Amino acid sequence: MHFSSTYIATALLSLVSGAVLGKRSLSGEATFYGGNVAGGTCSFSTYAVPSGLYGPAGNAITAMIVDECPGCGTNHLDLFPNAFAELANPSTGIIDVTWSYVDCPITSPLQLHNKDGVSAYWFSMQVVNANKGVATLEVSTDGGSTWQATERQTYNFFEASNGFGTTTLDIRVSSVDGDIVIVNNLGVLMTPYQTIDVAGPLDILSTCSKALQGPMEAGSIPGSAGLTEKAIDIIFHHVNETLDPVTLTAGFQVQPSTTCDTCPPLDILLVGGSDPAYQLSERFQQFVRTHVESGKLLFTTCTGALAISPSGILDGRHATTNHVLLEMAKQVRPDVKWTGEKQWVVDGNLWTAGGASAGMDMIAHWVIENYDIEVAAFGLSLLDFEPRDINGVANVVLPKQHALKA
């Protein structure tokens, strides 16, 4: 998810927040200081500036704004030492420069970071990785029917001192040019799942997202025309109790991106299948219960439903798990209406799938059901994946990609 266009300064900027961005050349002076990405006005303490976007270009440089310089004059740039050295000998100390805003090449999704200590009664969130200046962040507690404003602080977090009475929120971000993004946050519960149970569904969602289909359309890839605006706005979060790496099947190690306590409000939660003997922690059970009880969407694949069943959120609901383990599931949680008749089962906001491949089929079906079929067809073609229907029948969901030629 990203805004459609933007500008970044050709050096670290001293203009105040809200300055009008334009491409006309500006003249001023440049100096340098020690450089601090983690602190300062932008507060990039949890954000790494993307590599390869900025650097020298002939006798000019390109740089990202990371702080404000209150003591600097109009159009004055206070650079990092390595940036200044590309323009002049550091012994010079101060030089005249001409600079302008340039298009920002960031195409990866926006990121939302909660400040430590957020709760239903205190809201503080930062927007980073934007390719355009962020103007406002609004919050909805009623599914997007109404929106409430937050106040931007001098340290680049949007806050509401009294919170919103809940931690289940929809977020709307607006740019300085009026572009609006309503954020869809998907979280993966970082159990020691079978790798494909999560990697497969995530890749389907990723290939159907604006972050991937946008560059495809910009590059005039056949079949991508007109898809960017129809594709999915989505941010992926990998949620653990701590930020310690989690080891998956086949030795894969995954680094969590957030914790149960700092994770932004999720629209979708995905739980992959673990070893049948795996016991979900009480903290994870609480996290899942809170998410489901808020009415938000839950996906489980393979033994994921079996793993979360002790939380009680499946009691009285129709669900499935890896079909080989259905009898075990009935013994572990008899209050769930377990069934193996279909590849996946939908019961309200609960979508549970059988094995790993059934999970991919289920996610593909959800994309087709909720977005333009062209988005799904193009995204799945990039994976060379042809989903089956809910009965496990192949080649009836989308036009067949492969066929034998006589």
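Listing for the model above:
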{"quantity": "Calculated Rg and Dmax of the stretch 284-364 using C-alpha coordinates, Å", "calculated": "11.3, 31"}
{"quantity": "Among beta bridges that DSSP assigns inside the stretch 124-236, antiparallel share in %, nearest 5", "calculated": "85"}
{"quantity": "Orphan Cys of the chain, criterion: no other Cys C-beta under 4.7 Å", "calculated": "42, 104, 208, 260, 263, 302"}
{"quantity": "Radius ratio Rg over Rh of the stretch 195-336, counting only Cα atoms, Kirkwood formula for Rh", "calculated": "1.02"}
{"quantity": "Under 5 Å, built H, 5+ apart or other chain: amide partners of residue 104", "calculated": "6, 7, 8"}
{"quantity": "Average projected area [Cα convex hull, the stretch 117-244], square nanometres", "calculated": "10.2"}
{"quantity": "Solvent exposure, largest accessible area first (probe 1.4 Å, DNA, RNA and ligands not counted), of 155, 101", "calculated": "155, 101"}
{"quantity": "Debye intensity ratio in log₁₀ form over the Cα atoms of the chain, taken at each q of 0.06, 0.09, 0.11 Å⁻¹", "calculated": "-0.29, -0.63, -0.88"}
{"quantity": "Antiparallel DSSP beta bridges within the stretch 246-370, percent to nearest 5", "calculated": "40"}
{"quantity": "Of 115/230; 296/337; 115/210; 230/296, pairs whose Cα-Cα distance is over 25 Å", "calculated": "115/230; 115/210"}
{"quantity": "Burial ranking of peptide ranges 291-303, 236-248 (average Cβ count within 10 Å, highest at the top)", "calculated": "291-303, 236-248"}
{"quantity": "Kirkwood Rh (inverse of mean 1/r, distinct Cα pairs), the stretch 260-299, angstrom", "calculated": "11.1"}
{"quantity": "Rounded accessible area of residue 66 (nearest 10 Å², 1.4 Å probe)", "calculated": "10"}
{"quantity": "Between helix 373-383 and the chain: long-axis angle, C-alpha atoms, 0 to 90°, nearest 10", "calculated": "90"}
{"quantity": "Table column - 3J(HN,Hα) (Hz), the stretch 174-189, Karplus curve with 6.51, -1.76, 1.60, x for Gly and Pro", "calculated": "10, 8, 5, 9, x, 5, 10, 10, 9, 7, 9, 9, 10, x, 9, 6"}
{"quantity": "Percentage relative contact order, the stretch 49-140, counting C-alpha pairs under 8 Å, at least six apart", "calculated": "21"}
{"quantity": "Cα coordinate range in the stretch 91-189, projected on the principal axes (Å, largest first)", "calculated": "55, 29, 25"}
{"quantity": "37 °C / 0.692 mPa s Stokes-Einstein diffusion coefficient of the stretch 272-406, Kirkwood radius on C-alpha pairs, µm²/s", "calculated": "209"}
{"quantity": "Ranking by accessible area, most exposed first, for 389, 116 with a 1.4 Å probe", "calculated": "116, 389"}
{"quantity": "Antiparallel %, DSSP beta bridges [both residues in the chain], to 5", "calculated": "60"}
{"quantity": "Spatial separation of Cα centroids for the stretch 230-301 and the stretch 343-368, in angstrom", "calculated": "17"}
{"quantity": "Computed accessible area, residue 180, all protein chains, 1.4 angstrom probe, square angstrom", "calculated": "100"}
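The values are calculated or read from the model by the stated rules, or taken from the named source; none is laboratory data. Owing to the predicted nature of the structure, the values given are computational and were not obtained by experimental measurement. We place every Cβ from the backbone using ideal geometry, glycine too, and count neighbours over all the protein chains shown. With ligands, DNA and RNA removed, areas are computed over all heavy atoms of the protein, side chains included. Shrake-Rupley method; radii C 1.70, N 1.55, O 1.52, S 1.80 Å.
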